[in-house]
Amino acid sequence: MTNVLDDTDVQRILAVMAHPDDVDFGAAGTVAGWTDLGIEVTYLMVTDGDAGGFDDAVTRTEMAALRRDEQRAAAKCVGVSDVRFLGYPDGRLEATLDLRRDIARVIRQVRPDRVLMPSPERDYRRIYPSHPDHRAAGSAALDAVYPDARNPYAFPELLADEGLAAWTVREVWITGGPAADHRVDITDRFDRKVNALRAHASQTGHMGDGLPEMLRTWLSANAAAAGLPAGRLAEAFQIVDTA
């Protein structure tokens, strides 16, 4: 991609994801690179991930609290301190007007140059990133970017009641979709990605040494698709110009 914003021209980035750990599976290495450059990154998790995990003895309320803590710990591994949660129910997410408003609110609060989000499209070649919650979060987030957050007539209560003026996001990065057209070499930040994912112990603790092996398989394929030398690792995105 030649029309991607240069990171030196980006001050703030908002990552909108369905569940705790989504951003780390899809983009933790890239996020670490952004924060290393001094870019302010905010995480917005639409659900608390209360339907995830492998221990039936843990209630959904307990799981939600656990996964919030895990996401905060994972964020620290890649230099992110601002982690927010909307608290929508895990496994039942829909791209409603209420969700669009809630995401648009945070866009107007953070005023990001770039928004990272899951793909609203289903990938039939690799189904796992196409979880219904991922697609709903991606659809609502993209609609919140355009047209909601930038349109002063959309959700006028955000301005009237909360003083949040319209804001135009310049660029969207989509992860987990079928049409990736941009790859970021994260080889030197791979260990930080692994550490971030290990912080999600309720989700990855059972994987042991299989976790980095699985990640290397995915990331090596991304790097090969980008024409990078053997041994390099990359995360993949689709870039949407929304300026």
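Some notes on this structure:
- Verdict on residue 105 being of a type in the set (Lys, Arg), in contact (Cβ under 8 Å) with a residue 40 or more places away in the chain and closer than 21 Å to residue 176 by Cβ: no
- Here residue 97 passes the criteria (1) closer than 12 Å to residue 44 by Cβ; (2) out of contact with any Lys or Arg (no Cβ under 6 Å at 6 or more places or on another chain) except the one numbered (1).
- Search result, residues across segment 79-100 that are within 30 Å of residue 33 (Cα to Cα) and of a type in the set (Lys, Arg): 84, 100
- Listing of strands (runs of 3 or more DSSP E) fully contained in segment 149-242 that carry 3 or more residues being in contact with a Ser or Thr (Cβ under 9 Å, 6 or more places away or on another chain) and closer than 22 Å to residue 23 by Cβ: 171-175, 234-241
- Residue list for segment 227-236, restricted to those being surrounded by 15 or more Cβ atoms within 10 Å (Cβ to Cβ) and either of a type in the set (Gly, Ala, Ser) or touching a helix residue (DSSP H, G or I) at 6+ places or on another chain (Cβ under 8 Å) (or both): 232, 233, 234, 235, 236
- Some residue of segment 60-76 being more than 14 Å from residue 20 (Cβ to Cβ) and either part of a loop (DSSP other than H, G, I, E, B) or at pLDDT 95 or above (or both): no
- Any hit, segment 79-89, residues being part of a loop (DSSP other than H, G, I, E, B), crowded, with 18+ Cβ neighbours inside 10 Å and either in contact with a helix residue (DSSP H, G or I) (Cβ under 6 Å, 6 or more places away or on another chain) or among the aliphatic types (A, V, I, L, M) (or both): yes
- Condition check for residue 67: surrounded by 24 or more Cβ atoms within 10 Å (Cβ to Cβ), farther than 21 Å from residue 189 by Cα and charged (D, E, K, R): yes
- Taken as a whole, segment 123-132 holds no residue that is surrounded by fewer than 16 Cβ atoms within 10 Å (Cβ to Cβ), closer than 20 Å to residue 15 by Cα, of a type in the set (Ser, Thr, Tyr) and in contact with a Lys or Arg (Cβ under 8 Å, 6 or more places away or on another chain).
- Condition check for residue 155 on (1) at pLDDT 95 or above; (2) surrounded by fewer than 21 Cβ atoms within 10 Å (Cβ to Cβ); (3) more than 18 Å from the chain's Cα centre (by Cα): one failure, at (2).
- Single residue of 191, 161, 185, 181 found to be over 25 Å from residue 130 (Cβ atoms), of a type outside the set (Val, Ile, Thr) and in contact with a strand residue (DSSP E or B) (Cβ under 6 Å, 6 or more places away or on another chain): 185
- Exclusive hit being surrounded by fewer than 24 Cβ atoms within 10 Å (Cβ to Cβ), in contact with a strand residue (DSSP E or B) (Cβ under 9 Å, 6 or more places away or on another chain), assigned to a helix (DSSP H, G or I) and basic (Lys, Arg), set 105, 100, 135: 135
The values are calculated or read from the model by the stated rules, or taken from the named source; none is laboratory data. This one's a predicted model, so the numbers in the text were calculated from it and none came from an experiment. Glycine gets a Cβ as well: all are built from the backbone with ideal geometry, and neighbour counts include every protein chain shown.
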